[in-house]
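A.B. asks: So that we are looking at the same thing, I have put the structure below in structure tokens.
The values are calculated or read from the model by the stated rules, or taken from the named source; none is laboratory data. As the structure is a prediction and not an experimental result, all values here were calculated from the model. Methodologically, a virtual Cβ is constructed for each residue, glycine included, from the backbone with ideal geometry; neighbour enumeration extends over all protein chains shown. These area figures cover heavy atoms from the full protein model, side chains too; ligands, DNA and RNA do not enter into them. Shrake-Rupley method; radii C 1.70, N 1.55, O 1.52, S 1.80 Å.
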Amino acid sequence: MRKLVTWELPWTLVGDIVGAQLGNILGKEIKCKASLDDWDYWAVSFIDYRMPINEIKLVCGNVHATDDEKKDALPMEGEKNVGSLGNAIVDKLLSNGMGASWELSFAKENALYLIGCEERDCINIGKHLIFYDTLKSKEELIDYFIKNSPTERSLADFCHEYAERYQNSLYWHYPLSDSEHLGAYLVLVKEGVLYVPYDDADKVSCELFCLEGIKLVDADDVFDMERNFEDNATRFLENIRVLRSYLVSKMKDEEDDEE
């Protein structure tokens, strides 16, 4: 039996998700603001933008709007554009962006509550709510490496559809050694967060991954990586500041000598 839960979405996230969906449909950036418009009514409006009729029709067709929903989204007679879309269209854009549906919604001043959603693991990356069950698996990535070579270029190809859909490839470079490997990439997969290490690189394919070192990591592992990165960054900044101070002093001495 599936378990239903309630999701709490901050208004900024609602606006970002709807804006990202409009951007994907129209091929340009559309910034949106979502907010509580009345005690029980919420709305999404465009920021510094008015949407013309041809774009409204394109959006309506993309979300399979009904005739009544299209009519509600179009501007009033005599007007050529709108500053927002009807809530039925916005609901569909939000549902498409989340890859989910719900039984009813409830708006409050701080957030939109979606009630009766199927329980699923998700993560908020940038302007997108990403569900783990929609991602490719660890085994799919390893199989792709075996067939196409275990390199950063292959990883980029494997994650290309994520880059198009989410404007994020869903992998990140960790350039520090873990005492066993030179560095690694963290990759989102269906099972969680995958650690993909490397010990070498070339000019064409970039990092060359060690297949035997690929593993899923937990929160403690990532915390250790975070702490290690912060320690290295702190030491680097301290040294950079010393070098800057030295160069400033050296330049001042040279200017004094010229005088």
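A.B. asks: Could you tell me which of the residues 61, 78 is in a loop (DSSP other than H, G, I, E, B), free of Cβ contacts under 8 Å to residues at least 60 places away in the same chain and either more than 19 Å from residue 10 (Cα to Cα) or hydroxyl-bearing (Ser, Thr, Tyr) (or both)?
C.D. replies: 78
A.B. asks: Considering only residues that are open to solvent by 20 Å² or more (accessible area, probe 1.4 Å) and touching a strand residue (DSSP E or B) at 6+ places or on another chain (Cβ under 8 Å), look in the stretch 53-82 and name the one that is nearest to residue 117 (Cα to Cα).
C.D. replies: Going through the qualifying residues, I end up with 74.
A.B. asks: Among the residues of the stretch 221-255, how many are closer than 30 Å to residue 197 by Cβ and either open to solvent by 90 Å² or more (accessible area, probe 1.4 Å) or in contact (Cβ under 8 Å) with a residue 12 or more places away in the chain (or both)?
C.D. replies: Number of matching residues: 14.
A.B. asks: I've got another one for you. Just one of the numbered conditions (1) closer than 26 Å to residue 118 by Cα; (2) open to solvent by less than 60 Å² (accessible area, probe 1.4 Å); (3) touching a strand residue (DSSP E or B) at 6+ places or on another chain (Cβ under 8 Å); (4) assigned to a helix (DSSP H, G or I) is not true of residue 5; which one?
C.D. replies: So residue 5 meets the others, but not (4).
A.B. asks: When the stretch 81-109 is examined, which residues are found to be in contact (Cβ under 8 Å) with a residue 24 or more places away in the chain, in a loop (DSSP other than H, G, I, E, B) and under 22 Å from residue 46 (Cβ atoms)?
C.D. replies: Of everything in the stretch 81-109, those that are in contact (Cβ under 8 Å) with a residue 24 or more places away in the chain, in a loop (DSSP other than H, G, I, E, B) and under 22 Å from residue 46 (Cβ atoms) turn out to be 83, 85, 109.
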